[in-house]
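Here's the structure we're looking at; comments come further down.
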Amino acid sequence: MQETHISSVNRKCEIMYNRIYSKIYKQIKKYDTIVIARHVGADPDALGSSIGLKDIILNTFPNKKVYVIGHPASKFKYLGILDKFNEEMLNNSLLIVTDTPDKKRVDGVDASRFSSSIKIDHHPFIEKFCDIEWINDSATSASEMILELVRNSKLKLNKEAAEKLYIGLVADSNRFLFYYTTPKTFELVSWLIKKTNIDITKLYEKLYLRPIKEIKFQGYIESHLEITESGVASIKLTDEILHEYSADPGSAGNMINNLNYIEEVLVWAVFSEDKMNNTIRGSIRSRGPIVNETATLFGGGGHIYASGVRLKDFEEVDALIEKLNEVCEEYIQENQ
């Protein structure tokens, strides 16, 4: 009886997903002009999913006009060139937003100004701001979702897109180490490699090759971590420190995954001063305690074990660290 129930649930999920694949494909096919956007502070998944999707659409429909917009990230320029937004892009066009849960985090455009809009995102739901929304917070990445869409629709994958999607998926899953890596993830990656024969060794070089100044900066971060008795590790990177190591706030936050697997640490966070935008960028990770609820209290959000915030000053940073410490204390008590 239980097996029959599970089979019925799986069948309903399959039908639901087939409908969303079909809806998204039909909208892509319908519009001659398509604009693709992602979240501010771009990372490899945001760029890989958006630029990869552009390659896929043009490979399927060569005569369409497809643009990927947003502020460039020099660290990830190997993923492709971005387009500069102009008002003509709003003329009877479709907007696709990848890897972005809420309207305020979309980089460079207002979704409401387009004729139609689609959201493809793997973060927990925050708000609806697109006409069609496909959200799967059990996926490793938006790149995995794009790959799933291609495999289940008439969109055509090419090698260039496959490389970008692989990098995005690997980066957001931390080389398949994170908890939301599933059998489906490996099935899709296996299909991608068989279909396009990409050289994953060279892709890892692109993703992980770093200049010596960045290695020294990583050494500074590791040497100056502050760790509470309850296992919260944190570092505050002022504008002066970032300038000393020729680093920007975004690249500093991207180093957070290098702090995995420190025995004494349950939760770790990097806070970088962003003078240009008058804010403090925070990236938070966890090996057990749920952190996205705490991030939400401070205007941020994300996955249960990986979240981000933007704070007004370092006093607010201290308050967040204190709250994370309380979360760790509760987690330790519950799991003793």
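For Thr279, the amide hydrogen comes within under 5 Å of the amide hydrogens of Asp274, counting only partners 5 or more places away or on other chains and with H modelled in the peptide plane.
Residues in the stretch 119-135 carry Karplus couplings, in order, of 10, 10, 8, 10, 8, x, 4, 10, 7, 8, 9, 10, 5, 10, 10, 10, 10 Hz; the curve used is 6.51 cos²θ - 1.76 cosθ + 1.60 with θ = phi - 60°, and Gly or Pro positions show x. Is the shape of the stretch 212-334 best called rounded, prolate or oblate, per the rule: a/c under 1.5 gives rounded, else a/b larger than b/c gives prolate, else oblate, with a ≥ b ≥ c the square roots of the Cα gyration tensor eigenvalues? It comes out oblate by the Cα gyration axes. A simple count of charges around Asp110, restricted to other residues whose Cβ falls under 11 Å of its Cβ and scoring Lys, Arg +1 and Asp, Glu -1, yields +3.
Sorting Trp134, Trp268, Trp191 on the 10 Å Cβ count, fewest up front, what's the list?
The order, fewest Cβ neighbours first, is Trp191, Trp134, Trp268.
Look at the alpha carbon pairs under 8 Å that are at least 6 residues apart: their mean separation over the length of the chain gives a relative contact order of 12 percent. Longer than 20 Å from Cα to Cα, which of Lys77/Lys154; Lys23/Lys104; Lys65/Lys184; Lys206/Lys236; Lys77/Lys119; Lys77/Lys159 are they? Say none if no pair is. Too far apart for the 20 Å limit: Lys77/Lys154; Lys23/Lys104; Lys65/Lys184; Lys206/Lys236; Lys77/Lys119.
Phi-derived couplings, Karplus 6.51 cos²θ - 1.76 cosθ + 1.60 at θ = phi - 60°, listed residue by residue for the stretch 248-264: 10, x, x, 5, 5, x, 5, 7, 4, 5, 6, 9, 4, 6, 8, 4, 7 Hz, with x used for Gly and Pro.
When you count, for each residue, the other Cβ atoms within 10 Å and take the mean per peptide, how do 275-284, 122-131 rank with the highest first?
Taking the mean over residues of other Cβ atoms within 10 Å, the ranking is 275-284, 122-131.
When only alpha carbons are used to place a centre, the stretch 155-230 and the stretch 86-118 end up 27 Å from one another.
When peptides 31-39, 299-307 are ranked by their average number of other Cβ atoms within 10 Å per residue, the highest-first order is 31-39, 299-307.
Near the amide H of Ser116, within less than 5 Å, lie the amide hydrogens of Ser93, Leu95, all on another chain or at least 5 residues away, with H placed in the peptide plane. Convex hull volume of the C-alpha atoms in the stretch 141-208, normalised per residue: 76 Å³. Checked against a 18 Å cut-off, the cross-linked pairs Lys54/Lys164; Lys30/Lys195; Lys26/Lys54 give Cα-Cα distances beyond that limit for Lys30/Lys195. With no solvent and one equal point scatterer per Cα, compute the Debye intensity ratio I(q)/I(0) for the chain at 0.06, 0.08, 0.11 Å⁻¹ and report its log10, rounded to two decimals. Once normalised to I(0) and log-transformed, intensities are -0.22, -0.39, -0.74. Relative contact order of the stretch 132-220: 34 percent, from C-alpha pairs under 8 Å at least 6 residues apart in sequence. Scalar couplings 3J(HN,Hα) for the stretch 151-164, obtained by applying the Karplus form with A = 6.51, B = -1.76, C = 1.60 to θ = phi - 60°, are 5, 10, 9, 8, 5, 10, 7, 10, 5, 4, 5, 4, 5, 5 Hz; x denotes Gly and Pro.
If you take every residue apart from Val150 with its C-beta less than 10 Å away from the C-beta of Val150, what net charge results, scoring Lys and Arg +1 and Asp and Glu -1?
Working: positive: Arg151, Lys154, Lys156, Lys195; negative: Glu148.
Charge balance near Val150 sits at +3.
No value in this document is a laboratory result; all are computed from the given coordinates. The shown structure was predicted, so the numbers you read here are calculated from the model rather than taken from an experiment. Note that we place each Cβ from the backbone using ideal geometry, even for glycine, and neighbour counts take in every protein chain shown.
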